[in-house]
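Reviewing the structure listed below.
The values are calculated or read from the model by the stated rules, or taken from the named source; none is laboratory data. Treat the numbers as computed from the prediction; the structure is a model and nothing was measured. All Cβ positions, even for glycine, are placed from backbone atoms using ideal geometry, and neighbour counts span all protein chains on display. Accessible surface areas use protein heavy atoms only, side chains included; no ligands, DNA or RNA. Shrake-Rupley method; radii C 1.70, N 1.55, O 1.52, S 1.80 Å.
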Amino acid sequence: AQTVTQSQPEMSVQEAETVTLSCTYDTSENNYYLFWYKQPPSRQMILVIRQEAYKQQNATENRFSVNFQKAAKSFSLKISDSQLGDTAMYFCAFLNYGQNFVFGPGTRLSVLP
Amino acid sequence: DGGITQSPKYLFRKEGQNVTLSCEQNLNHDAMYWYRQDPGQGLRLIYYSQIVNDFQKGDIAEGYSVSREKKESFPLTVTSAQKNPTAFYLCASSRIRDSLMGELFFGEGSRLTVL
């Protein structure tokens, strides 16, 4: 069974600085998808960024980018120019064809003014 | 606006009572899901449904029941058999479960507290 690990339960960063959230996963599959979801204090979970395992190029969405290391089964999220609105729980998730999403335990990020 | 609506947002229940959480979506999505969120454990899948009148157990289905009589609706009943029901419950939907592009869209959640 696939598992997703987020080793940092809590992190903090100063506004305008850069922070990296870690995620590792375990799978024997070759083709799959990885996601980062954000859950702000209002609680509605939203998709931040998505990466297809067969693509070598790291996904980027504005200030959010990933470092996808397939051999190491690592999928970290980098947030540049952190903003107060980035304060949230961040969940790493894995999806394989025909299976359901597997979520990590989450990292609580606080952006400090 | 398209989206997923969960109600109620907060719910209190006495031990031994069944409660039903509502989930409605107007995104025309085929698949719907119920997750339970506990601190430090991420999201765990309770039940999911790919089509009307069909649903499957997830990882922690014991003590829960669902129905899918309409494409838009996927209510979750927390029964008295659920030993530790106090939690935050999230409903989600996606276009096609078996698509690798099946991004999940979430509701705002329902917090259930057993007194």
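So which GluC sites (Glu not before Pro) in the stretch B:27-115 pass both tests, a DSSP loop state and at most 11 other Cβ atoms within 10 Å of the Cβ?
B:Glu62, B:Glu69
What total accessible area, in Å², is buried where chains A and B meet, using a 1.4 Å probe and rounding to the nearest 100?
Using a 1.4 Å probe on protein heavy atoms, the buried area is about 2000 Å².
Given a 1.4 Å probe and every protein chain left where it sits, what share in percent of the accessible area of chain A is carbon and sulfur?
It is 44 percent, rounded to a whole number.
List the lysines whose alpha-carbon lies under 30 Å from that of B:Lys9, not counting same-chain residues fewer than 8 positions away?
Counting by Cα, and skipping residues close in sequence, B:Lys9 has these lysines nearby: A:Lys38, B:Lys57, B:Lys70, B:Lys71, B:Lys83.
Is there a simple number for the mean count of other chain Cβ atoms within 10 Å of the Cβ of residues in A:24-34, and what is it?
If you average over the peptide's residues, the count of other-chain Cβ atoms is 1.
Within a 10 angstrom radius of each residue's Cβ in B:34-42, how many Cβ atoms of other chains show up on average? Whole number is fine.
For peptide B:34-42, the averaged partner shielding equals 4.
If you take each beta carbon of peptide A:101-112 and count the beta carbons of other chains within 10 angstrom, what is the mean?
3
How high is the FRET efficiency from A:Gln99 to A:Gln56, r the C-beta distance, R0 35 Å, rounded to 0.05?
The value I calculate is 0.90.
Can you pull the three principal axis extents for the Cα set of the stretch B:41-102, in Å, largest first?
34, 27, 16
Per residue, how much space in cubic angstrom lies within the convex hull of the C-alpha atoms of the stretch A:24-113?
98
Exactly which GluC sites (Glu not before Pro) in the stretch A:1-104 are in a DSSP loop and have at most 13 other Cβ atoms within 10 Å?
Within the stretch A:1-104, the qualifying GluC sites (Glu not before Pro) (loop, at most 13 other Cβ atoms within 10 Å) are A:Glu15, A:Glu17, A:Glu29.
Could you give the longest part of chain B that holds none of the trypsin sites (Lys or Arg not before Pro) found in DSSP loops with at most 10 neighbouring Cβ atoms within 10 Å?
Between exposed loop sites, the widest span is B:15-82.
How large is Rg over Rh for the protein assembly as shown, taking Rg from the Cα atoms and Rh as the Kirkwood inverse mean of 1/r across Cα pairs?
We get a ratio of 0.97 for the protein assembly as shown.
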